[in-house]
Amino acid sequence: MGNESRRRFLKRSAGAAFAATLASTVGETLTAATPAPAALPIKKGILLSMLPANLSYGERLKLAHEIGFEVLQAPTETDQGKAEELKKAADAAQIRIDSVMNMDHWKYPLSSNDPAVVEKSLAGMRTSLNNAKLWGSDVVLLVPAVLDPQTSYREAWTRSQRKIHKLLPLAEELKVVIAIEEVWNRFLLSPLEMATYIDEFQSPWVKAWFDVGNVMLYGYPQDWIRTLDKRIVKVHLKDFKRNKDGYAWVNLGEGDVDWAAVREAFAAINYTGSATVELEAGNEAYLRDVSRRVDRLLLNRA
C-alpha cells in the first residue's frame with residue numbers, strides 16, 4: 001500500500017470510528033432521555049367470586065390482599081348479617097370493598113314494560129346502594145337495559161333513564177355513584193352513544209363502568225377509553241380471543257386486546273380509579289399469576 005493510499009485508508013478508518021462513537025453516544029443519550037413509561041396509579045381489584053369458595057370471607061380476603069390485590073368488588077348481598085360479616089373481613093384483611101355488582105338487572109331489567117319486573121329491579125338497586133354505604137364503596141355497577149323482541153332501542157333508552165332518575169336521590173344521599181356498564185345487552189353499542197346516554201342525566205351520580213373485554217366484539221377499548229374519558233369511574237379487565245369457532249374469553253394477555261394501547265389510553269385520560277379483573281375463579285397459584293399479568297400488561301409494574 002502506497003503512502004497516499006495509506007493516508008486515505010487511515011482517514012476513512014478514523015471517520016468510521018468517529019461515526020460509530022457518535023452513534024453510540026447519541027443512542028445512549030436518547031435511551032437515557034426516553035425512560036420506560038411510568039407505572040399507572042390504578043388500584044388492582046378482584047371479584048369476590050374469583051376467590052376460592054371453600055374458604056371463609058376472612059380467608060378469601062386475606063389471600064386477595066397477600067397476592068397483591070388492593071380492592072374488591074362484591075355482589076349484592078340481601079342478608080344483612082352476611083353483609084356485615086363481609087365488611088368485618090375486609091377491614092381485618094385491609095382490603096377495601098370499593099364497588100358493588102348489582103345482581104338483579106339481567107333478570108329484572110329496568111327497560112321492561114312490566115311494572116312488577118321494574119320494581120324488583122329498583123329494589124335490587126336500592127339494596128346494592130345500601131350495601132355500598134355499609135361497605136364503604138363509592139360505586140354500584142348497573143346494566144341499565146336489556147333489549148329483546150318486545151323492547152325497542154328507543155324504549156330501552158327512555159324507560160331505563162326514567163327509572164334511574166328515581167334512584168338518584170338515594171344515590172346522592174348515600175354518596176354512591178351509579179356506574180353504567182357496556183355489556184352484551186344489544187344496547188349502548190358505541191362510545192359516543194354511551195357518552196350521550198350518561199351526559200343526558202346531567203348528574204355527578206351517573207358515570208361509566210368500562211369493561212375492556214366487552215367492547216372487543218364491536219370496537220377497540222383504547223377508542224372507548226379516550227371517548228368516555230372522565231366519565232369512567234371504574235374498570236373491568238378481561239381478554240377476548242377470536243377463533244375458528246367464533247370467540248372465547250381467555251386469560252389476560254392471551255387474547256386480542258392491545259394492552260399497550262389500553263395502557264396508553266388510560267394514561268392519556270389520567271385515570272386513577274380501580275381496575276378489577278373479571279375472570280374465572282381459581283386457586284392461589286392461578287390468582288397470583290393473574291395478579292402478575294395485571295402488573296405487567298396494564299400497570300407497568302416490575
Check: For the chain, what is the accessible area per residue in Å² when the probe is 1.4 Å?
Finding: 50
Next item on the list: Determine the relative contact order of the chain: mean sequence separation of Cα pairs under 8 Å and six or more apart, normalised by residue count, in whole percent.
Entry: 18
Check: By how many nm would the segment from S152 to E193 grow when fully extended, if each residue of separation counts as 0.36 nm and the alpha-carbon distance is taken off?
Finding: 13.2 nm
Notebook entry, point to check: In nanometres, what is the gap between the two model label sites at D79 and T272, each 7 Å from Cα along Cα-to-Cβ?
Noted result: 3.9
Notebook entry, point to check: When the helix-only estimate is applied to the chain (DSSP H runs of n ≥ 4, each -39,500 (n - 2.57), divided by the residue count), what is the mean residue ellipticity at 222 nm, nearest 500 deg cm²/dmol?
Noted result: -15000 deg cm²/dmol
Check: In the structure displayed, which of K62/K166; K82/K133; K82/K175; K43/K133 lie more than 26 Å apart, Cα to Cα?
Finding: K62/K166
Notebook entry, point to check: At a probe size of 1.4 Å, how large is the accessible area of R292, to the nearest 10 Å²?
Noted result: 140
Note to self: Can you give me the % of accessible surface on the chain that is carbon or sulfur? Probe 1.4 Å, all protein chains present, nothing else counted.
What the structure shows: 54
Notebook entry, point to check: Any idea how far apart A123 and A38 come out in nm if each label point goes 7 Å out from Cα toward Cβ?
Noted result: 4.9
Item checked: Additional length obtainable on full extension of the chain from D258 to E70, 0.36 nm per residue less Cα span -> 65.3 nm
Margin query: How would the stretch 146-240 be classified by its alpha-carbon gyration tensor: rounded, prolate or oblate, with rounded meaning a/c under 1.5 and the a/b versus b/c comparison settling the rest?
Written below: oblate
Next item on the list: Express the relative contact order of the stretch 135-183 as a whole percentage, based on alpha carbon pairs under 8 Å and six or more residues apart in sequence.
Entry: 62
Item checked: Pairwise centroid distance, computed over Cα atoms, of the stretch 245-302 with the stretch 102-133, Å -> 30
Item checked: Cα gyration tensor category, rounded, prolate or oblate, for the chain with a/c compared to 1.5 -> prolate
Next item on the list: With both partners inside the chain, how many of the DSSP beta bridges are antiparallel, as a percent to the nearest 5?
Entry: 15
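The values are calculated or read from the model by the stated rules, or taken from the named source; none is laboratory data. Everything quoted here is computed from the prediction, not taken from an experiment. With ideal geometry, Cβ positions are generated from the backbone for all residues, glycine too; neighbour counts draw on all protein chains shown. Just so you know, the surface numbers come from the protein's heavy atoms only, side chains and all, with ligands and any DNA or RNA stripped out. Shrake-Rupley method; radii C 1.70, N 1.55, O 1.52, S 1.80 Å.
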